[in-house]
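Each remark here refers to the structure printed beneath this line.
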Amino acid sequence: MVAILEYDFMRRAFLVGILLAVIIPCIGIIVVLKRLSMMGDALSHTSLAGVAAGLITGINPILGAVAACIAAALGIEAIRKKIPKFSEMSIAIVMSAGVGLAGVLSGFVKNAANFNSFLFGSIVAISDFEMILVTGISCAVMLAFIFLYKELFYIALDERSARLAGIPVAVINFIFTILTAVTVSVAARTVGALIVSSMMVVPVACAMQLGKSYKQTVIYSVWFAVFFMVTGLFVSYYARLKPGGTIVLIGVLCLVLILLMKKVSTRFLLTKGEI
């Protein structure tokens with residue numbers, strides 16, 4: 001541990017990684033409960049268009065990704081309202097547009113290495129500006145999630161009932177859309193745009209196997225995400241692997257182990273006649 005933290009780039013990686021591991025599951029659990037698990041995938045792919053635009057125009061790629069993700073998230077919400085019976089189509093439409101735009105713009109990027117670093121993440125190459133940006137966004141997302149904890153929970157379970165209870169559903173949905181967009185855009189820099197949606201879903205899936213309430217599931221999902229992030233950074237450093245892919249694979253492996261353990265324990269209780 002001490003040897004890793006001797007390097008400044010690893011200290012930045014751990015700081016940024018842990019901050020994102022806290023906020024990503026908070027967004028992820030609402031996305032999962034709203035049956036919009038693929039939303040993170042759509043936004044992460046669209047963020048590549050913002051990255052390419054940033055590299056072309058000379059602005060920071062993360063800022064370009066934030067702008068693209070916000071536009072895409074608002075687009076998804078707008079399409080969902082137009083066709084509520086087929087709301088999942090909005091995700092496919094926006095992702096198609098985002099991938100197409102990213103493909104076109106990537107042809108004008110002079111330094112392909114910078115663009116490719118966003119595909120699978122580059123958490124060990126975080127600059128000081130990007131670290132400050134991620135820290136600020138992480139703090140803002142955490143505060144918003146804490147203050148809107150009950151409102152987000154009600155809307156995630158049943159928007160109609162939440163509206164009848166007097167909750168400003170439109171406003172809360174707008175705020176959540178912005179929070180999701182900025183979270184996905186900054187996470188694309190760390191774990192990569194192609195696998196950021198996995199970080200939103202896998203820790204939540206693990207937590208749902210153990211949590212007995214919404215609050216427990218939120219806490220467990222954060223702990224799982226932090227564990228995946230820290231373990232992934234350790235393994236990738238010593239095994240010389242890509243951090244983003246390593247983090248996600250550890251999460252998937254953990255989910256598989258939990259499911260197997262639950263299956264074994266259920267069979268054991270059945271044989272003893274306790275179920």
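Is it fair to say Leu253 is free of Cβ contacts under 8 Å to residues at least 12 places away in the same chain, outside any helix (DSSP H, G or I), out of contact with any Pro (no Cβ under 6 Å at 6 or more places or on another chain) and over 20 Å from Thr180 (Cα atoms)?
Considered against the rule, which asks whether it is free of Cβ contacts under 8 Å to residues at least 12 places away in the same chain, outside any helix (DSSP H, G or I), out of contact with any Pro (no Cβ under 6 Å at 6 or more places or on another chain) and over 20 Å from Thr180 (Cα atoms), Leu253 comes out as no.
Out of the residues in the range 134-145 meeting the condition of being aliphatic (A, V, I, L, M) and buried (at least 21 other Cβ atoms within 10 Å of the Cβ), tell me which one is modelled with the highest pLDDT.
The residue in question is Val141.
Within the range 209-222, track down each residue that is buried (at least 16 other Cβ atoms within 10 Å of the Cβ) and either among the hydrophobic types (A, V, I, L, M, F, W, C) or farther than 18 Å from Met142 by Cβ (or both).
Gly211, Val218, Val222
So which of Ile27, Ile62, Ile18 ends up being in contact with a helix residue (DSSP H, G or I) (Cβ under 7 Å, 6 or more places away or on another chain), farther than 30 Å from Leu105 by Cα and touching a residue at least 24 places away in the same chain (Cβ under 8 Å)?
Of the residues listed, the single one that is in contact with a helix residue (DSSP H, G or I) (Cβ under 7 Å, 6 or more places away or on another chain), farther than 30 Å from Leu105 by Cα and touching a residue at least 24 places away in the same chain (Cβ under 8 Å) is Ile18.
If you go through the range 209-243 one residue at a time, how many are aliphatic (A, V, I, L, M) and without any contact (Cβ under 8 Å) to a residue 60 or more places away in the chain?
5
Need the failing condition index for Met261 against (1) surrounded by fewer than 18 Cβ atoms within 10 Å (Cβ to Cβ); (2) under 22 Å from the mean Cα position of the chain (by Cα); (3) not basic (Lys, Arg), just the number.
(2)
Find the residue count for the range 51-66, including only residues that are surrounded by fewer than 19 Cβ atoms within 10 Å (Cβ to Cβ), modelled with pLDDT of 85 or more and within 22 Å of the chain's Cα centre (by Cα).
0
Inspect all residues belonging to the range 265-275 and state whether any of them is crowded, with 18+ Cβ neighbours inside 10 Å and either under 18 Å from Leu19 (Cα atoms) or of a type in the set (Asp, Glu) (or both).
No, there is no match, as no residue in the range 265-275 is crowded, with 18+ Cβ neighbours inside 10 Å and either under 18 Å from Leu19 (Cα atoms) or of a type in the set (Asp, Glu) (or both).
Would you list the helices (runs of 4 or more DSSP H) that sit entirely within the range 123-228 and hold 1 or more residues that are touching an Asp or Glu at 6+ places or on another chain (Cβ under 9 Å)?
In the range 123-228, the matching helices (runs of 4 or more DSSP H) lie at 159-164, 169-190, 196-210.
Being more than 16 Å from Leu179 (Cβ to Cβ) and free of Cβ contacts under 8 Å to residues at least 60 places away in the same chain is the filter here; which residues of the range 129-149 pass it?
Ile132
The values are calculated or read from the model by the stated rules, or taken from the named source; none is laboratory data. Please read all numbers here as calculations on a predicted model, not as lab measurements. FYI the Cβ positions are ideal-geometry reconstructions off the backbone, even for glycines, and counts take in every protein chain you see.
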